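The values are calculated or read from the model by the stated rules, or taken from the named source; none is laboratory data. Keep in mind the model is a prediction, meaning the values are calculated, not measured. Cβ atoms come from the backbone with ideal geometry, glycine included; neighbour counts cover every protein chain shown.
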Amino acid sequence: MPMGVNAKIVSSPLYVDNKSVALSSNAASLDNLMVTVIGLEKGDEAVLTLAPEGSQTDADSLLSSSLISEGSEEIATNMSSKLADGYYQIQIKAPDKYFREPKAWLFMVSGGKLINPNGKSVVFQLIPPGDQIFQPHRGPNVTTVQSANQVENLPPSSPPPSMMECMMSLSATPKQPISENTTTSLTPQYFCYYSTLPCPGLEGRFTVVNPGVIHGSTPEEAVDHVYAQQTTSGGPQIEAGWAEVNFTSDTRYMYEYDSYHNSWYLFNLPSNPLHVEVMYNPSNWYAMYDNGSSWVTLNYANLGISNSAFLVNGGEVQTNNSTYPSFPTSTTDISKLEIANSWVNWDWQRWATTYLMTCSNYNLQNITYYYHFTIQSN
């Protein structure tokens, strides 16, 4: 434990059995997996657990550590262990009064090594009620299947007062902005509509499908999203939707990504179909989702712009593999633009500023103008 830290730490190794993660000769020896907790108030307890990704019960834990603050601003503990190749999480449990940023860190072990391409550190910030901008919204742990014909919950005129606690990943690689002239080694393909009408908001609702991403250390991602960027040629951007990515297990997550934080913010899927939006409200851009009864904030960022002249709704795939994910049919039945302080259907009246992006492996089939369509593999 670093000098000057006041905390009582009790670690309890819970050994791996054959049903969870079997140790093998290529198990990674994570000898210095330090975890830092900031903001735990005196006398409060936080519990850290290391477990396979997606675990919901203590029975799945491989290692746990209980931290009781004795007045420290910062507490550090070592969560080192031996782990086979696979996907893991370090989750923090704390009194409900705290907002957890994040609630869990995900990571991948591949070839006997913890994959951490950007050298991130595992840090949990616990925010007490007096310092919270948003109320914690912890949401469901499993996907709720809803009818595509459910009544639309209209977007709010101001940011929702509650925010969903996110997950982050040590193993994530940065997401590239949408561009038809990429300079990276990835080979992106886009199958979406985009508008060049300057707008401060965009919403969409689409079904979640299994795009068959190959998981492992080779970068690959498939997403269905709404996306706002300063111009068609670049600039600050923010996006929200669902994604499957190589650096997590075979799981679809709701996500938010923006150029200010430059990190994947992952969330358990709250529903299928998924209804999301991005919106400017002085002086930040907000990403949010509809939980069926109200809207919930996912994240916010000051992008330095108040309108987007490149608004996208549809699919995107990036891969370094020789084959592309097989993207089953996903249907969008809501797509709206914010125009003159009102949310209007992205329909034929916007034809002069609406364009189609297509590619060789995937296609988009229009049903009703630009707000009701499907995307899928060819």
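Screening Y370 on (1) closer than 22 Å to S308 by Cβ; (2) in contact with a Gly (Cβ under 9 Å, 6 or more places away or on another chain) shows it passes everything except condition (2). Here D85 clears all of (1) at pLDDT 95 or above; (2) among the acidic types (D, E); (3) surrounded by 15 or more Cβ atoms within 10 Å (Cβ to Cβ) except the condition numbered (1). Residues that are of a type in the set (K, R), assigned by TED's automatic domain parsing to the domain that holds I334 and either touching an Asp or Glu at 6+ places or on another chain (Cβ under 9 Å) or modelled with pLDDT of 95 or more (or both) do occur in the stretch 171-186.
Of all residues assigned to the stretch 106-120, at least one qualifies as being more than 18 Å from the chain's Cα centre (by Cα), within 14 Å of V35 (Cα to Cα) and surrounded by fewer than 17 Cβ atoms within 10 Å (Cβ to Cβ).
Okay, residues lined up against (1) without any contact (Cβ under 8 Å) to a residue 60 or more places away in the chain; (2) touching a Leu at 6+ places or on another chain (Cβ under 8 Å); (3) under 22 Å from L337 (Cβ atoms):
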{"position": "I238", "(1), (2), (3)": "no, yes, yes"}
{"position": "W242", "(1), (2), (3)": "yes, yes, yes"}
{"position": "E256", "(1), (2), (3)": "no, yes, yes"}
{"position": "G304", "(1), (2), (3)": "no, no, yes"}
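The set of residues in the stretch 336-359 being assigned to a strand (DSSP E or B), closer than 19 Å to S179 by Cβ and either of a type in the set (A, V, I, L, M) or modelled with pLDDT under 95 (or both) consists of L356, M357. Scanning the stretch 224-265 for residues that are under 15 Å from P325 (Cβ atoms) and among the acidic types (D, E), we see that the one that is farthest from the chain's Cα centre (by Cα) is D250.
Taking the stretch 316-340 only, how many residues are among the β-branched types (V, I, T) and crowded, with 23+ Cβ neighbours inside 10 Å?
Quick first cut of the stretch 316-340, residues among the β-branched types (V, I, T) only: 317, 319, 323, 329, 331-332, 334, 339.
Keeping just the survivors that are crowded, with 23+ Cβ neighbours inside 10 Å gives 317, 332.
Of the residues in that region, 2 qualify.
Please give the number of the condition T368 fails out of (1) without any contact (Cβ under 8 Å) to a residue 40 or more places away in the chain; (2) touching a Cys at 6+ places or on another chain (Cβ under 8 Å); (3) of a type in the set (V, I, T). Evaluating T368 over (1) without any contact (Cβ under 8 Å) to a residue 40 or more places away in the chain; (2) touching a Cys at 6+ places or on another chain (Cβ under 8 Å); (3) of a type in the set (V, I, T) leaves (2) as the failure. Residues that are in the same structural domain as N210 (by TED's automatic domain parsing), farther than 22 Å from S169 by Cα, more than 22 Å from the chain's Cα centre (by Cα) and modelled with pLDDT of 95 or more do not occur anywhere in the stretch 284-299.
Residue-wise test of (1) modelled with pLDDT of 85 or more; (2) not in a loop (DSSP other than H, G, I, E, B).
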residue	(1), (2)
N26	no, no
G43	yes, no
S55	yes, no
S64	yes, yes
I68	yes, yes
Q91	yes, yes
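Would it be correct to say that G314 is of a type outside the set (S, T, N, Q), assigned by TED's automatic domain parsing to the domain that holds I178, on the phi > 0 side of the Ramachandran plot and in a loop (DSSP other than H, G, I, E, B)? Judged against the criteria, G314 is not a match. Within the stretch 312-329, is there a residue that is more than 26 Å from T173 (Cα to Cα), touching a Ser or Thr at 6+ places or on another chain (Cβ under 8 Å) and not hydrophobic (A, V, I, L, M, F, W, C)? Scanning the stretch 312-329, I find at least one residue that is more than 26 Å from T173 (Cα to Cα), touching a Ser or Thr at 6+ places or on another chain (Cβ under 8 Å) and not hydrophobic (A, V, I, L, M, F, W, C), so the answer is yes. If only residues of the stretch 321-335 that are of a type outside the set (S, T, N, Q) and assigned to a strand (DSSP E or B) are counted, the one that is farthest from L311 (Cα to Cα) is D333. Scanning the stretch 230-238 for any residue that is assigned to a strand (DSSP E or B), in the same structural domain as Y324 (by TED's automatic domain parsing) and surrounded by fewer than 16 Cβ atoms within 10 Å (Cβ to Cβ) turns up at least one such residue.
If I filter the stretch 322-333 for residues that are under 17 Å from V209 (Cβ atoms), small (G, A, S) and assigned by TED's automatic domain parsing to the domain that holds G212, do I get at least one hit? Yes.
Restricting attention to the stretch 252-267, which residues are crowded, with 19+ Cβ neighbours inside 10 Å and over 16 Å from G201 (Cα atoms)?
Step one: filter the stretch 252-267 for residues crowded, with 19+ Cβ neighbours inside 10 Å, giving 252-259, 263-267.
Hits for the stretch 252-267 are R252, Y253, M254, Y255, S259, S263, W264, Y265, L266, F267.
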